[in-house]
Amino acid sequence: MRFRATVAAVSGALALSALAIPAAHADAGRGDTKISNVVVNGGKPVVVGATGSKTFSVSFTVTDDGGVEWAQAILYHGSNIDESDSGAVANTGDHRSKCTVVSATKSTCTATYTLKAGANLVNKVAGTWKVWAIARARDTNYVQRDNAKTFQAQRLSKLTADAAPEPVKKGKTLTVTGALTRANWDAAKYSGYSGQSVKLQFRKNGSSTYTTLKTVRADSRGNLKTTTTASADGYYRFAFAGDSTTPAVSAAGDFVDVR
């Protein structure tokens, strides 16, 4: 129900815009109005935990020789905004951006948005989202862009590592175990991220740099297990490079005393 309500809110915001501008599903325009410099969440992916939410800003520049009257941006997931399966509108009464005049021909428009696990975020919409944007000038010129910018909405990841035995004799075998999990927005919990390649890394005591020893694949529950030879005092960890739906993460290093 909450998921459908979010889509309805996006549709309602489109209806508001359509009062002045035709056809929401394709780029359009009249005159010299332009939208540029679209920035979502400071240029970083929007990462949300299993039960949390993230509020962030979206800003863009609007230019027109007659000055800017108003602007609006809508965030959505899907091939185009008319076929979106989730979205978010600005956290303002009319869902429009606040435009601050920079000069007679340019304004910077900004608004905040919220993505929430279990509401407008479900597992299938993790990955690439788009920004639909529109701006109208005081001389009635306008511009509308179906995909003014893309950004990533990602499921927060966690990673653990434990090396044993501790302490260990030099040259003996160490077993390193851990687990790679990520936010399951559908179930409001963290679930194993199966089949992912994860690097086992080592940092010698006194050094600030980790080196990769081998690559391990997580099992069907996200569990990790591998062995290595103890050579010197230092820290062992697993590191995951991340992907479009899940951010990179490294486990805290587990110190092993080698005797």
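The values are calculated or read from the model by the stated rules, or taken from the named source; none is laboratory data. Remember, predicted model here, so these are calculated numbers, not experimental data. So basically every Cβ, Gly included, is an ideal-geometry build from the backbone, and we count neighbours across all protein chains shown. Side chains included, ligands, DNA and RNA excluded: accessible areas come from the protein's heavy atoms. Shrake-Rupley method; radii C 1.70, N 1.55, O 1.52, S 1.80 Å.
Would you mind listing the strands (runs of 3 or more DSSP E) fully within the stretch 193-259 where at least 3 residues are of a type in the set (Val, Ile, Thr)?
Counting at least 3 such residues, we get 211-217, 223-229.
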Practice item. At least 1 residues that are among the aromatic types (Phe, Trp, Tyr) and in contact with a strand residue (DSSP E or B) (Cβ under 7 Å, 6 or more places away or on another chain) in each: list the strands (runs of 3 or more DSSP E) lying fully within the stretch 85-127 that qualify. Key: 106-116
Point to revise | Pairs, first within 15 Å of Val40 (Cα to Cα) and free of Cβ contacts under 8 Å to residues at least 60 places away in the same chain in the stretch 55-79, second open to solvent by 30 Å² or more (accessible area, probe 1.4 Å) and among the small types (Gly, Ala, Ser), C-beta under 8 Å, six or more apart | key: Phe56/Gly42; Ser57/Gly42; Thr61/Ser36
Review point. Which number in (1) modelled with pLDDT under 95; (2) within 19 Å of the chain's Cα centre (by Cα) marks the one condition that Ile74 misses?
Key: (1)
Practice item. Note down all Cβ pairs under 6 Å where the first residue falls in the stretch 40-53 and is under 20 Å from Asp186 (Cβ atoms) and in a loop (DSSP other than H, G, I, E, B), the second is modelled with pLDDT of 95 or more and hydroxyl-bearing (Ser, Thr, Tyr), and they're at least six residues apart or on different chains. Key: Ala50/Tyr190
Revision key, fill the gap. Among (1) within 30 Å of the chain's Cα centre (by Cα); (2) basic (Lys, Arg); (3) surrounded by fewer than 16 Cβ atoms within 10 Å (Cβ to Cβ), Arg203 falls short only on (3)
Practice item. Consider Thr173 carefully, then state whether it is of a type outside the set (Lys, Arg), under 33 Å from the mean Cα position of the chain (by Cα) and more than 22 Å from Thr245 (Cα to Cα). Key: no
Practice item. Tell me which of these Asp82 doesn't satisfy, since it passes every other one: (1) at pLDDT 95 or above; (2) open to solvent by 10 Å² or more (accessible area, probe 1.4 Å). Key: (1)
Review point. Do we find that Ser53 is within 13 Å of Ala111 (Cα to Cα), modelled with pLDDT of 95 or more and open to solvent by 30 Å² or more (accessible area, probe 1.4 Å) in this structure?
Key: no
Check your understanding: From the residues in the stretch 232-249 that are buried (at least 17 other Cβ atoms within 10 Å of the Cβ) and under 18 Å from Ser208 (Cα atoms), which one is farthest from the chain's Cα centre (by Cα)?
Key -> Gly234
Point to revise | Residue in the stretch 252-259 that is open to solvent by 30 Å² or more (accessible area, probe 1.4 Å), in contact with a Pro (Cβ under 9 Å, 6 or more places away or on another chain) and of a type in the set (Asp, Glu) present | key: yes
Check your understanding: Just a yes or no: is a residue in the stretch 145-166 touching a residue at least 24 places away in the same chain (Cβ under 8 Å), open to solvent by 40 Å² or more (accessible area, probe 1.4 Å) and of a type in the set (Phe, Trp, Tyr)?
Key -> no
Check your understanding: Going by the conditions given, is Ser36 touching a helix residue (DSSP H, G or I) at 6+ places or on another chain (Cβ under 7 Å), within 13 Å of Val131 (Cα to Cα), modelled with pLDDT of 95 or more and among the hydroxyl-bearing types (Ser, Thr, Tyr)?
Key -> no
